[in-house]
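Inspection log for the structure reproduced underneath, given as structure tokens.
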Amino acid sequence: SDRAKGVLNGDGSLTGLLASLRTAVADIVSGRPETMKVLSQAGLSTGAAVGSGTINQDSVSGKLTLDSTKLASALATSLGDVKALFTNPTGSYASEGLAQRLDTLLNAQLGSGGAIAGRLASSNAAVATYTKSIADWATRLATKQQTLQLQFTNMETALARAQSQGSWLSGQLANL
């Protein structure tokens with residue numbers, strides 16, 4: 001069952017990245033009015049965990065949902081504040097919009113020099129090392145095979161000579 005979950009299931013870096021992404025979506029955006037400090041006030045959330053008495057698995061797994069009615073109402077009453085929740089390049093995580101927060105988080109992990117890029121480079125280097133090692137072993141094995149075949153051929157030749165000499169000696173003894 002673990003194989004069906006995938007090779008990266010439970011990977012610490014990806015789990016941490018997921019937690020950071022969830023935090024970025026749920027965190028308060030400072031400098032905004034009380035009525036528009038979090039994305040859920042503009043209609044973007046993971047939805048209600050329970051509603052009809054059963055657990056909403058999409059909410060539990062963190063899938064985002066958009067309440068279009070809430071978004072339309074927020075846009076109608078405070079367009080600038082809604083826009084600032086989604087995009088507000090300030091250079092400070094606390095007051096940035098979702099786009100800047102996600103960009104910063106993902107670039108740190110996926111960009112050149114990021115943690116995941118570093119792991120990929122390390123894995124590629126390991127693959128190259130293993131490939132070279134396999135090629136080296138193939139060369140060694142081919143050389144060993146040639147050596148053993150030559151030894152076998154020499155042994156067969158020596159055995160044929162010994163049998164020939166044995167036959168000659170038996171013939172000589174028979175003539176006595």
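The values are calculated or read from the model by the stated rules, or taken from the named source; none is laboratory data. Worth saying up front: this structure is predicted, and the values here are computed from it rather than measured. For accessibility, only protein heavy atoms count, side chains too; no ligands or nucleic acids. Shrake-Rupley method; radii C 1.70, N 1.55, O 1.52, S 1.80 Å.
Can you give me the solvent accessible area of Ile55 with a 1.4 Å probe, rounded to the nearest 10 Å²?
110
Can you sort Trp168, Trp137 by solvent-accessible area, 1.4 Å probe, largest first?
Trp168, Trp137
Around Thr46, which amide H atoms from residues at least 5 apart in sequence, or from another chain, sit under 5 Å from its own amide H, with H modelled in the peptide plane?
Under 5 Å from the amide H of Thr46: Thr65.
Could you derive backbone 3J(HN,Hα) for segment 111-120 from the dihedral phi with the Karplus parameters 6.51, -1.76 and 1.60 (θ = phi - 60°), listing whole Hz in sequence and x where the residue is Gly or Pro?
x, 4, x, x, 4, 6, 4, x, 5, 5
Report relative contact order for the chain in percent, whole number only (criteria: Cα-Cα under 8 Å, sequence separation at least 6).
About 15 percent, as a whole number.
Distance check, please: which entries in Lys5/Lys70; Lys5/Lys37; Lys5/Lys63 exceed 30 angstrom between their Cα atoms?
Listed pairs above 30 Å: Lys5/Lys70; Lys5/Lys37.
Scaled to the compact-protein estimate 2.2 N^0.38 Å, what is the alpha-carbon radius of gyration of segment 108-176, rounded to two decimal places?
Taking the Cα Rg and dividing by 2.2 N^0.38 Å, one obtains 2.64.
Determine the per residue accessible area of the chain with all protein chains present and a 1.4 angstrom probe, expressed in square angstrom.
Counting only protein heavy atoms, the per-residue value for the chain is 71 Å².
For the chain, what is the mean residue ellipticity at 222 nm derived from helices alone (per DSSP H run of n ≥ 4: -39500 (n - 2.57); sum divided by total residues; nearest 500 deg cm²/dmol)?
For the chain, the value works out to -22000 deg cm²/dmol.
Anyone know which of Lys132, Lys70, Lys37 comes out most mobile in the 10 Å Cα GNM of the chain?
Looking only at Lys132, Lys70, Lys37, the biggest GNM fluctuation is shown by Lys132.
Could you tell me the convex hull volume per residue, in Å³, taken over the Cα atoms of the chain?
Spread over its residues, the Cα hull of the chain gives 182 Å³ apiece.
Provide the per-residue ³J(HN,Hα) series for segment 154-165, in order, calculated from phi with Karplus coefficients 6.51, -1.76, 1.60 and θ = phi - 60°, each as a whole number of Hz, with x at glycine and proline positions.
5, 5, 4, 5, 5, 5, 4, 5, 4, 5, 5, 5
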